[in-house]
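What follows is a short report on a single structure.
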Amino acid sequence: MLSSTSPRSKGLYEFQHPNVKLRLALGRKRKSWYLVLARNYGSGQPREVVRLDKAGMRSSSDGSHSRFWFNTKATSGWERNGQSLLQLLLSLDPYDPPVIALASGDTVLEEKCGALEVDVIVPAHRLARWCEGCGYWETVDSNPRWILARPGKMPGYLCGACAEKDWFGARVLRYLHIRRGRSML
């Protein structure tokens, strides 16, 4: 059986907490990390649930592994009394593999900055993608996956409609970025 966080799986990774009936996904918008709705539920509500990272604190990524400072004050509205969003995300449905893990339990830093460092378990290619053109988030139903317009540590994506509107511009930017990357070697 192919694990849902396997590098060979290609689709958007969605998960759910037993007390929340909505399917969720982790996503990255430029340097920021978000909890987003994995499906379009047709309610007209924004798909961003909450920003997860602490503003002003640096994230790190080496292409296959990401780490960021989780804002311990972030809330989704689904937490029970006394529970934090971090605790909610660490206690997902037992059938879903974890999406994040604590990188350190530095309580002094948590009290001082209101942040804890976490590792992202979901592979980068399974994260929800944010369109640089229209500002919408990718859903599980987005087929095909969105187009990489800017590769690198902070990749940029375009949805199919925005890629068609500015296909030449996206191709030129991608070409220039790749060419510049090769000349730096």
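The values are calculated or read from the model by the stated rules, or taken from the named source; none is laboratory data. Worth saying up front: this structure is predicted, and the values here are computed from it rather than measured. Cβ atoms come from the backbone with ideal geometry, glycine included; neighbour counts cover every protein chain shown.
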Open item on the list: When you scan the stretch 101-108, do you find a residue that is under 16 Å from the mean Cα position of the chain (by Cα) and either in contact (Cβ under 8 Å) with a residue 24 or more places away in the chain or part of a loop (DSSP other than H, G, I, E, B) (or both), even just one?
Closed with: no
Task: Matching residues in the stretch 16-36 - criterion: being of a type in the set (A, V, I, L, M, F, W, C) and modelled with pLDDT under 90 - done: V20, L22
Open item on the list: Take the residues in the stretch 78-93 that are assigned to a loop (DSSP other than H, G, I, E, B) and within 16 Å of L116 (Cβ to Cβ); name whichever of them is modelled with the lowest pLDDT.
Closed with: S91
Open item on the list: So in the stretch 50-77, with the set limited to residues that are assigned to a loop (DSSP other than H, G, I, E, B) and at pLDDT 85 or above, which one is surrounded by the fewest Cβ atoms within 10 Å (Cβ to Cβ)?
Closed with: G77
- [ ] Could you please let me know if R47 is surrounded by fewer than 17 Cβ atoms within 10 Å (Cβ to Cβ) and either of a type in the set (F, W, Y) or at pLDDT below 90 (or both)?
- [x] no
Task: Scope the stretch 119-149; condition farther than 17 Å from S66 by Cβ, modelled with pLDDT under 85 and part of a strand (DSSP E or B); matching residues - done: I147, A149
Open item on the list: Looking for something under 16 Å from the mean Cα position of the chain (by Cα), surrounded by fewer than 15 Cβ atoms within 10 Å (Cβ to Cβ) and within 15 Å of Y34 (Cα to Cα) - is there at least one such residue anywhere in the stretch 126-134?
Closed with: no
